[in-house]
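See structure below.
The values are calculated or read from the model by the stated rules, or taken from the named source; none is laboratory data. Model, not experiment: these values are computed from the prediction. Neighbour counts run over all protein chains shown; Cβ positions are idealised from the backbone, glycine included.
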């Protein structure tokens, strides 16, 4: 019989997208206040692979990724997703933008083997966690590259995203080896 063991520390990642720079800046400030210093911040990528979000968010969206120096326990993903949902609501209520959803926040975590994202939507490739939150393995790392799955979002297939995730993966690998990682 196998013995349960704790999951190794994971890197918290937050994808934030909006058509407003002020919304992305607000998300960064809120995330740093909650989760501590940023480990890596991506450039702002044009989010043009789909118009799915246009009715609620408008056009010309940009996406940015934030990762954090402080490792997390992946079991905390439910609470993190519920918190980011509250942040979205708070920003929409106070920012006075015409769109009903001017900011979208998608948290997840990164390990040397995978990138996991949280969602409020069920589908065939998602596993229910609790509190109305699901998780999906969006990308796996194999043969020195990030590999998408059948249901991976189109933008997560981009090579520029993969380069950023690889930089973050190297930080996590350093945590495991004791090279870096805020006391791990």
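At pLDDT 95 or above, farther than 19 Å from residue 101 by Cβ and touching a strand residue (DSSP E or B) at 6+ places or on another chain (Cβ under 8 Å): is that true of residue 24 in this structure? Don't jump to the end; show me each part of the working.
On the way: at pLDDT 95 or above: yes; farther than 19 Å from residue 101 by Cβ: no; touching a strand residue (DSSP E or B) at 6+ places or on another chain (Cβ under 8 Å): yes.
It is false that residue 24 is at pLDDT 95 or above, farther than 19 Å from residue 101 by Cβ and touching a strand residue (DSSP E or B) at 6+ places or on another chain (Cβ under 8 Å).
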Quiz item: Among 163, 101, 169, which is the only one that is modelled with pLDDT of 95 or more and not in a helix (DSSP H, G or I)?
Solution: 101
Self-check item: Of the criteria (1) within 13 Å of the chain's Cα centre (by Cα); (2) modelled with pLDDT under 95, which one residue 174 fails
Solution: (1)
Quiz item: Before we move on, is residue 112 touching a strand residue (DSSP E or B) at 6+ places or on another chain (Cβ under 7 Å), under 30 Å from residue 147 (Cα atoms), in a loop (DSSP other than H, G, I, E, B) and in contact (Cβ under 8 Å) with a residue 12 or more places away in the chain?
Solution: yes
Quiz item: When both residues are 6+ apart or on different chains and their Cβ atoms are under 8 Å apart, which pairs have a first residue that lies in segment 31-44 and is on the phi > 0 side of the Ramachandran plot and at pLDDT 95 or above, and a second that is buried (at least 16 other Cβ atoms within 10 Å of the Cβ) and in a loop (DSSP other than H, G, I, E, B)?
Solution: 36/69
Quiz prompt | Among residues of segment 45-97, those that are more than 27 Å from residue 167 (Cβ to Cβ) and in a strand (DSSP E or B), counted | solution = 0
Quiz item: Restricting to segment 119-128, what's the tally of residues that are touching a strand residue (DSSP E or B) at 6+ places or on another chain (Cβ under 6 Å), exposed (fewer than 13 other Cβ atoms within 10 Å of the Cβ) and either touching a residue at least 24 places away in the same chain (Cβ under 8 Å) or assigned to a strand (DSSP E or B) (or both)?
Solution: 2
Quiz item: On the given criteria, is residue 150 surrounded by 13 or more Cβ atoms within 10 Å (Cβ to Cβ) and not in a helix (DSSP H, G or I)?
Solution: no
Quiz prompt | Pick from segment 89-118, criterion within 18 Å of the chain's Cα centre (by Cα) and surrounded by fewer than 18 Cβ atoms within 10 Å (Cβ to Cβ), ranking: nearest to residue 169 (Cα to Cα) | solution = 112
